[in-house]
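The values are calculated or read from the model by the stated rules, or taken from the named source; none is laboratory data. Every value quoted in this text rests on a predicted model; they were computed, and no experiment measured them. In this analysis, Cβ positions are derived from the backbone assuming ideal geometry, glycine residues included, and neighbour counts consider all displayed protein chains.
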Amino acid sequence: MHTILLPVDESEARATRAAETVIGLPGGPDEKAVVLVNVSESTKQPWLREFETQRAEGKSNPELPDSTNAAYELLTEHGIDVDTRLERGDVTEQILAVADDIDADNIIMSGRKKSAAGKMLFGSVTQSVLLESTRPVTVLLDES
């Protein structure tokens, strides 16, 4: 079984593209397992606030962000086993921690093209994961 960690942000387009990449990997659906992970540094993101409100109200299956649902549905339609995780904390640290926790064979993530100044000012989760991971990382860049 090839275990793939797929970090998902708020973009449905990036999540769908990453899911399509997983589907296109060699091997059948029964040879792949995917863990979709959303990470928030705080509860400021609307999807996380809504999820935590539903969880606090005792809802057994809180709604996932639309981007996560898009990837989840596409992967399960192709017969791939999918699990989801929502984490809070430093995004890079949580992605790497989940990768270790699930013993991921690969991390597939969508990055956004940034200028050198943009990377210096804002950092880059993708760049940090690439530099700090001991696992293979596949990066898909936005085409725009």
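Can you tell me which residues in region 79-99 are touching a strand residue (DSSP E or B) at 6+ places or on another chain (Cβ under 7 Å) and either within 22 Å of G27 (Cβ to Cβ) or β-branched (V, I, T) (or both)?
I80, D81, V82, D83, T84, V91, I95, V98, A99
Given the criterion polar (S, T, N, Q), closer than 19 Å to L130 by Cβ and at pLDDT below 95, identify the matching residue among T92, T53.
T92
For residues that are at pLDDT 90 or above and surrounded by 17 or more Cβ atoms within 10 Å (Cβ to Cβ), tally how many sit in region 18-41.
Qualifying residue count for the region: 9.
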